[in-house]
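The values are calculated or read from the model by the stated rules, or taken from the named source; none is laboratory data. On a predicted model such as this, the values are computed, not experimentally measured, just so you know. As a convention, Cβ positions derive from the backbone with ideal geometry for all residues, glycine included, and neighbour counts pool all protein chains shown.
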Amino acid sequence: MRYTRFAHSSAKRYGPIHDTILFYRKTDVGFWRGGHQGYDEAYVRQRFSRGGDRPWKDENLTGAGVRYGETGEVWRGFDVTAKGRHWAYPPTELDRLDAEGRIYWPNARGGWPRLRVYLDEAKGVSLQDVWTDIPPINSQAGERLGYPTQKPEALLERIIQASSNPGDVVLDPFCGCGTAVSVAQRLGRQWIGIDITHLAISLIKARLHDAFGGKAEFKTVGEPTTEADAKTLAAEDPYQFQWWALGLVGARPIEERKGADKGIDGRLYFHEGRAGETKQIVLSVKAGHTQAAHVRDLYGVENREKAEIGVLISLEEPTREMRKEAASAGFYESPWGKHPRLQLLTVRELLDGKRVDYPPSQQVNVTYKRAPRAKGKKAEQIGMTLPVGGVRSDE
């Protein structure tokens, strides 16, 4: 598959602009559905030039080789066997097609009949082993979430449909931002996704919620479930702890780039109504010792970023001075009531179900865009135990 429309230069080889997709099966008995791709615009203009409002082209009604059954019989005076060929349909089917106006008679002087193929009914050409019809995800693509290795949904849809049926299980052991998982859910497949980072797991959970709402239920295995687990994760890998903690409230890390905002680990966005102005929440995560200075710093960041709410997530219980500093920031008022402008949440509280206090409108994330809502069949529940970092569809 060609993954870019631009040339890549290389000093020691031809410019790499494609990926190779490998496929395997355990036995000689396997499922395969090749599929089709659309016609080139030039081909459509050249061949589908008849029919006015409903363009059509004509195709051969015969195939190579002689047949001695129905498809080798003389039809309407045309002896297909004499030409060393056979009809593509038996005579009764040819009669039906002709009655429906689906057979084209070139002229009244004995021209061989041909099949009318309408553009709006044509499947396209059979897929070959070079794919150039799936555009890469550019910076303006609607499905782009900002994940560096994200693949187009059209690519995963083609692969999944070619090698599975609804209800089958799709496994992605390096699921990244969850494109295979999301497409499998939309196509009515069961799925298992595995990734080593809590960043990926948090992103996938948010993506499934954005695209399917409560229709995509899933179970996560391998994440901390107790305060002790969280402390272990924080000691082993502070970044993983940070990503996991942000995932507990539906936020995701800011992009790590030069000049990134200091003092912000994640963001949440919300709207007060469909046409309302976008509002933001800035979040800071602390795995170690916390003090009142951290609350004051967050308040400064909140004002600098013109955010409505600031949230500090910590392993330690806030001190009395920290709570006093937070209370002094006052409240943000919305149609749903008053929301503290500075909120202090501990990991223990989050594990017990407490969440950020803000207006209950749909969220839009700034680091990874909100995944578009999807339509499709529900995947059936399966009973499986997943490896660490896996997520499973329960519906």
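If the requirement is being at pLDDT 90 or above, of a type in the set (K, R) and surrounded by 17 or more Cβ atoms within 10 Å (Cβ to Cβ), which of these qualifies: R304, R341? Only one candidate qualifies: R341. Residues that are acidic (D, E) and surrounded by fewer than 22 Cβ atoms within 10 Å (Cβ to Cβ): does the stretch 175-196 have at least one? No, there is no match, as no residue in the stretch 175-196 is acidic (D, E) and surrounded by fewer than 22 Cβ atoms within 10 Å (Cβ to Cβ). In the stretch 285-344, of all residues being touching a helix residue (DSSP H, G or I) at 6+ places or on another chain (Cβ under 8 Å) and among the hydroxyl-bearing types (S, T, Y), the one that is farthest from L268 (Cα to Cα) corresponds to T319. Residues that are touching a residue at least 60 places away in the same chain (Cβ under 8 Å) and farther than 20 Å from I160 by Cβ within the stretch 19-51 comprise Y39, V44, F48, G51, listed in sequence order. All conditions but one from (1) under 37 Å from the mean Cα position of the chain (by Cα); (2) farther than 27 Å from P360 by Cβ apply to A292; the one that does not is (1).
Would you check if K219 is surrounded by fewer than 20 Cβ atoms within 10 Å (Cβ to Cβ), modelled with pLDDT of 80 or more, of a type in the set (D, E, K, R) and in a strand (DSSP E or B)? Here the answer is yes, as K219 does meet what is asked.
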